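These notes concern the structure reproduced below.
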């Protein structure tokens, strides 16, 4: 099992390194998405991924249909990640499904605490959004640029700030 995870990660890494020089045009995004799709636990149709994306533990990610990951995103999926259909991750979005813990008065070698992240159908993260472990974004959630999402969000919400707070009443986007 661990060997398969390493092979999947290696494939993702190789494809991203080889295709970095190609422009982030729609046909290239789809081609790159098709090539790296085998590195995920599950991947739907029309997956698009831009250059300079870093993903750790790709074998623990499930991707729905019509998902787009923008340039520079950093994803640690150690605790598991589900990107539902029609999700768009804006440039430099960070998703971390694990936190460091302290051991012997140091965070360097403490064991990771992991919890999955779910991003609901049709959700969008603006540039520079951070989503922390254990968070579920409801369907059609919009995360404003620079938001740090530390708690679950209801469907059709708009969140912004550090930490992110809801700006609208659900259903009134």
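When the helix-only estimate is applied to the chain (DSSP H runs of n ≥ 4, each -39,500 (n - 2.57), divided by the residue count), what is the mean residue ellipticity at 222 nm, nearest 500 deg cm²/dmol?
-5500 deg cm²/dmol
Please rank 60, 45, fewest neighbouring Cβ atoms within 10 Å first, as an exposure proxy.
45, 60
Would you kindly calculate the translational diffusion coefficient of the stretch 62-103, applying Stokes-Einstein with the Kirkwood radius from alpha carbon pairs, for 20 °C and a viscosity of 1.002 mPa s, and quote it in µm² s⁻¹ without decimals?
190 µm²/s
Rg and Dmax of the stretch 1-114 over Cα atoms: what are they, in angstrom?
Just the Cα atoms of the stretch 1-114 yield Rg and Dmax of 14.7, 50 Å.
Using DSSP, restrict attention to beta bridges with both residues in the stretch 2-166 and report what percent are antiparallel, rounded to the nearest 5.
Taking every DSSP beta bridge with both residues in the stretch 2-166, the antiparallel ones total about 15 percent.
Based on the Cβ-Cβ distance of residue 28 and residue 3, what FRET efficiency does E = 1/(1 + (r/R0)^6) give at R0 = 30 Å, to the nearest 0.05?
The pair residue 28/residue 3 has a calculated efficiency of 0.45.
Sorted from fewest to most neighbouring beta carbons within 10 Å, what does the list 47, 82, 13 look like? Could the numbers behind the result be given before it?
Values: 47 23, 82 19, 13 15.
With the sparsest Cβ surroundings first, the list reads 13, 82, 47.
With an 8 Å Cα cut-off and a minimum separation of 6 or more residues, compute the relative contact order for the chain in percent.
12 percent
Could you line up 19, 130, 150 from fewest to most neighbouring Cβ atoms inside 10 Å?
Fewest to most other Cβ atoms nearby, the residues stand as 150, 19, 130.
Between residue 165 and residue 65, what is 0.36 nm times their sequence separation minus the Cα-Cα distance? Round to one decimal in nm.
33.2 nm
Where the centroid of each part is defined by its Cα atoms, how far is the stretch 22-67 from the stretch 116-155 in Å?
Answer, in whole Å: 19.
We did not get these values from a lab; they are worked out from the coordinates using the rules stated. What you are looking at is a predicted structure, and each value in this text was computed from that prediction instead of being measured. Ideal geometry is used to build each Cβ from the backbone, glycine not excepted, and the neighbour counts take in all protein chains shown.
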